[in-house]
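One structure is given here, and the rest of the page talks about it.
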Amino acid sequence: MNELQKEALEEMKTAIHKWFDEQENRKNAEELVLRTTLQVGIFNFIQLDYRPGRTRVESSKSVGSAAGKKSMKASPFTREQILHEVHPLLVEIVRERLDKLETLPLINYRFTLQGTFATTDGLVELTVLETVYEEKKRQLLERIQSYIEEKLEKGSNPTNRLETFFLARHLLDPHLFFGTTGLNPCDAQSDFKGLGSGCSAFRGRLEKRRKYWI
């Protein structure tokens, strides 16, 4: 890489480290995930927007990309350089930070880094890194099963709004049930006991409990 490209890469590294440093300095991360057993982590996504001089990392999917706007500086990278030179370096940087957080509540069972890069060939968008923490995933699936059995099937009290929110989100998460475990709440052959045999049976059980939902 030439000097301009090294400076640009350093700008990306700085933005990434800044985001991780800010999150690691949070005082309430553990408190947040202790509110309910249906949450094993806080963040599952970050977006790196590279725009020379204005690079940023955000934890929400914003409308419109910073890299798509005009910049004071021209990008020193071609599309091919981003894909084949910059991409692998960014993966190393992020993996090093994630390795320290694998068992901590900051990171969810699944984590994705999406990148948007200004280049001399136009805007380039790619998934920089996507990883799944199988132990956290296993724990979450067990907790969902336990929650359904204890709170929905056997319980008689109204459900908590926060728990209802997380349960709904998990049941709609295709990566949680269709991932490496192959579990599917709507599969009649599923061996995930807490979700019953088939969508009809499962939805019927939830429907009976609807009046108790807040």
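The values are calculated or read from the model by the stated rules, or taken from the named source; none is laboratory data. It should be emphasised that the depicted structure is a prediction, and the values quoted were computed from it without experimental measurement. For neighbour counting, all protein chains shown are included, and Cβ atoms are generated from backbone atoms with ideal geometry for every residue, glycine included. The protein model used for the area step is the full one, side chains on, heavy atoms only, and it has no ligands, DNA or RNA in it. Shrake-Rupley method; radii C 1.70, N 1.55, O 1.52, S 1.80 Å.
Kindly indicate which of Lys208, Lys151 is out of contact with any Ser or Thr (no Cβ under 7 Å at 6 or more places or on another chain), over 30 Å from Glu58 (Cα atoms), at pLDDT below 90 and charged (D, E, K, R).
Every option except Lys208 fails the conditions.
Considering (1) closer than 30 Å to Ala29 by Cα; (2) at pLDDT 95 or above, say which one Leu106 fails and leave the rest.
(2)
Of all residues being β-branched (Val, Ile, Thr) and open to solvent by 10 Å² or more (accessible area, probe 1.4 Å) in the stretch 113-123, which is farthest from Leu32 (Cα to Cα)? Just the residue, please.
Thr120
Considering (1) at pLDDT 95 or above; (2) in contact with a strand residue (DSSP E or B) (Cβ under 6 Å, 6 or more places away or on another chain), say which one Thr164 fails and leave the rest.
(1)
Taking His170 as the residue in question, decide whether it is at pLDDT below 90 and either closer than 23 Å to Leu34 by Cα or under 15 Å from the mean Cα position of the chain (by Cα) (or both).
Judged against the criteria, His170 is not a match.
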